[in-house]
Amino acid sequence: MVRKIGLAAALLAIPHTAMAQDGMTNIAQNDSGDTAWILVSSALVLLMTLPGLALFYGGLVRAKNFLSVALQVAAVAGLASVLWIVIGYSLAFGPSFNAVIGGTSKWMLNDLTILREGMLLPESTFALFQMTFAAITPALMVGAWVDRARFGWVLAFTGLWSLLVYAPVAHWIWGGGWLGQLGVVDFAGGLVVHATAGVSALVVVLLLGKRQGFGSSQLLPHAPGLTMLGAMLLWVGWFGFNGGSALTATDDASTAIINTHLAAAVAALVWLLIEKFKFGKPTTIGFATGAIAGLATITPAAGYVAPGAAILMGAAGSFVCYQAILLVKNKLGIDDSLDVFAVHGVGGILGTLLLGLFIWSGLGGTGYSFAVDIPLAMGVQAIGIVAVCVFSAFMTAVLAVGVSLFIPMRVSEDEELQGLDASSHGERAWHFD
């Protein structure tokens, strides 16, 4: 009986928010234009994950692992979404215990306000939009461990990671935490999304080890066309990712979208030039990877900088991320399979640092809210980078090893050779018989 009463109480907490809003519409009104834009942006961000990221990653792996990658992306995003509603939103954006972590009063989206404080958005709309960020961030890491990570371990690890890494960092920067108070700026997730996922992915692959055949044989993408389609979906969805982060349907959103598109376009073209000079032929994989590098680099700055700065940041992101891939894979011999750290991590970190320069009004930016000069602003951004990267790396190592005590991180050698589609899920993506 006690169990039934507890379950009923938990379920009743879910519709409580909607009823409270209906009963108080005469007290406060949301801006319907802003609300509509954030609802559309939420759908666009989800489109980035499902199906954009699944296609982008799926085309880059061998055919025998396509379904395993798509399923991991979808399952991780689904689990992170549920955890976000249960407690993640409260930990990130609820009334704070302190400057390090939010409280628990908004678990199951209890006690949401009619309008999110300081906005003309219903808090439920804000929570929905932030949920899509919480969903895609751990899903980004899937690309680092493809072909060899055990499905059960992936779900257990990413579930804990979303609560113990993503939610605290989101609180630090966006939820009134200590980095935001220090002056660290991150428009749409250069640190909160890309740095956390990139650094954490690097730690996992160091613990997990290399794929069989890495460095001794070519592990070629089986379907570059799918990767290209996935990149295009990511590109379009990123308009919601960055444009929606303005949280208003105003010039701030359109500026962020213009800068997002410019950075992606320039970065993709620069990557093609690099391939042309280095190998003699530009490739679809190069175009897709370059675009994602540009998108990751502009994300922390999209709403704060001028279009000219976005062009420069896109070009810089493409060149630096390309060099990062060579360093990680060729020189260091680290099997970050689909370049999660080298593209997302490095791109997000680079953009966060360059933001400290290009945000200045003399360079066409919106201006820095703190009365400091450019070197100090970049220094504050650097403090944010170091804090987020160190925290992400440490917590990831603890969580990854801790979960592995109960669920092995890696499949067996035979399962890896057979392919995870068949060995882990009993399916095959393509039948050619």
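The values are calculated or read from the model by the stated rules, or taken from the named source; none is laboratory data. Being a predicted model, the structure only gives us computed values, none of them experimental. Glycine also receives a Cβ, built like all others from the backbone with ideal geometry; neighbour counts cover every protein chain displayed. Ligands, DNA and RNA are stripped out before the accessible areas are found, and what is left, the full protein with its side chains, is counted by its heavy atoms. Shrake-Rupley method; radii C 1.70, N 1.55, O 1.52, S 1.80 Å.
Tell me whether the stretch 80-88 contains one or more residues that are in contact with a Pro (Cβ under 9 Å, 6 or more places away or on another chain) and assigned to a helix (DSSP H, G or I). Yes - at least one qualifying residue is present in the stretch 80-88. Among the criteria (1) open to solvent by 10 Å² or more (accessible area, probe 1.4 Å); (2) β-branched (Val, Ile, Thr); (3) in a loop (DSSP other than H, G, I, E, B), the one residue 305 does not fulfil is (1). Within the stretch 407-432, restricting attention to residues that are more than 27 Å from the chain's Cα centre (by Cα) and hydrophobic (A, V, I, L, M, F, W, C), the residue that is farthest from residue 190 (Cα to Cα) is 432.
A Cβ distance below 9 Å, combined with a sequence gap of six or more or placement on separate chains, defines the contacts here; from the stretch 268-279, residues that are of a type outside the set (Asp, Glu) reach residues that are open to solvent by 100 Å² or more (accessible area, probe 1.4 Å) in the pairs 270/319; 271/319; 274/319. Restricting 248, 260, 255 to residues that are of a type in the set (Val, Ile, Thr), in contact with a Phe, Trp or Tyr (Cβ under 8 Å, 6 or more places away or on another chain) and over 23 Å from residue 320 (Cα atoms) narrows the list to 248. Note on the stretch 371-423: residues that are free of Cβ contacts under 8 Å to residues at least 12 places away in the same chain, open to solvent by less than 70 Å² (accessible area, probe 1.4 Å) and either part of a loop (DSSP other than H, G, I, E, B) or in contact with a Lys or Arg (Cβ under 6 Å, 6 or more places away or on another chain) (or both) total 1.
Would it be correct to say that residue 68 is touching a His at 6+ places or on another chain (Cβ under 8 Å), in a helix (DSSP H, G or I) and small (Gly, Ala, Ser)? The answer is yes for residue 68. Summed over the stretch 39-76, residues that are buried (at least 24 other Cβ atoms within 10 Å of the Cβ), farther than 15 Å from residue 232 by Cα and of a type in the set (A, V, I, L, M, F, W, C) total 5. Could you check the stretch 208-220 and list, in sequence order, the residues that are open to solvent by 50 Å² or more (accessible area, probe 1.4 Å) and assigned to a loop (DSSP other than H, G, I, E, B)? If the condition is that a residue be open to solvent by 50 Å² or more (accessible area, probe 1.4 Å) and assigned to a loop (DSSP other than H, G, I, E, B), then 210, 212, 215, 216, 218, 220 are the ones that fit.
If you check residue 96 against the conditions, is it touching a His at 6+ places or on another chain (Cβ under 8 Å), open to solvent by 10 Å² or more (accessible area, probe 1.4 Å), among the polar types (S, T, N, Q) and modelled with pLDDT under 95? Yes.
For the stretch 140-155, indicate whether the set of residues that are outside any helix (DSSP H, G or I), of a type outside the set (Asp, Glu) and either within 12 Å of the chain's Cα centre (by Cα) or at pLDDT below 95 (or both) is non-empty. No: the stretch 140-155 contains no residue that is outside any helix (DSSP H, G or I), of a type outside the set (Asp, Glu) and either within 12 Å of the chain's Cα centre (by Cα) or at pLDDT below 95 (or both).
Considering every residue within the stretch 174-181, establish whether at least one is surrounded by 19 or more Cβ atoms within 10 Å (Cβ to Cβ), out of contact with any Lys or Arg (no Cβ under 6 Å at 6 or more places or on another chain), among the hydrophobic types (A, V, I, L, M, F, W, C) and part of a loop (DSSP other than H, G, I, E, B). Within the stretch 174-181 (the criterion being surrounded by 19 or more Cβ atoms within 10 Å (Cβ to Cβ), out of contact with any Lys or Arg (no Cβ under 6 Å at 6 or more places or on another chain), among the hydrophobic types (A, V, I, L, M, F, W, C) and part of a loop (DSSP other than H, G, I, E, B)), the answer is no, since none of the residues qualifies.
Across the stretch 99-145, what is the total count of residues that are among the small types (Gly, Ala, Ser) and closer than 21 Å to residue 188 by Cβ?
Residues that pass the stated criteria total 8.
The set of residues from the stretch 73-114 being in contact with an Asp or Glu (Cβ under 7 Å, 6 or more places away or on another chain) and in contact (Cβ under 8 Å) with a residue 40 or more places away in the chain comprises just one member, 112. No other residue among 299, 289 is surrounded by 24 or more Cβ atoms within 10 Å (Cβ to Cβ), modelled with pLDDT of 95 or more, in contact with a helix residue (DSSP H, G or I) (Cβ under 7 Å, 6 or more places away or on another chain) and more than 25 Å from residue 252 (Cα to Cα) apart from 289.
So that you can scan it fast, the table gives a plain yes or no per residue for (1) modelled with pLDDT of 95 or more; (2) on the phi < 0 side of the Ramachandran plot; (3) not aliphatic (A, V, I, L, M):
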| position | (1), (2), (3) |
| --- | --- |
| 345 | yes, yes, yes |
| 363 | no, yes, no |
| 366 | no, yes, yes |
| 395 | yes, yes, no |
| 398 | yes, yes, no |
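Can residue 312 be described as on the phi < 0 side of the Ramachandran plot, hydrophobic (A, V, I, L, M, F, W, C) and open to solvent by 40 Å² or more (accessible area, probe 1.4 Å)? The answer is yes for residue 312. The one condition from (1) open to solvent by 10 Å² or more (accessible area, probe 1.4 Å); (2) more than 21 Å from the chain's Cα centre (by Cα) that residue 103 does not meet is (1). Do you know which of the residues in the stretch 268-286 that are among the charged types (D, E, K, R) and in a helix (DSSP H, G or I) is least open to solvent (accessible area, probe 1.4 Å)? Filtering the stretch 268-286 for residues that are among the charged types (D, E, K, R) and in a helix (DSSP H, G or I), the one least open to solvent (accessible area, probe 1.4 Å) comes out as 275.
Residues of the stretch 345-360 that are touching a residue at least 40 places away in the same chain (Cβ under 8 Å), out of contact with any Ser or Thr (no Cβ under 8 Å at 6 or more places or on another chain) and either open to solvent by 10 Å² or more (accessible area, probe 1.4 Å) or among the polar types (S, T, N, Q) (or both): 346, 349, 352, 358.
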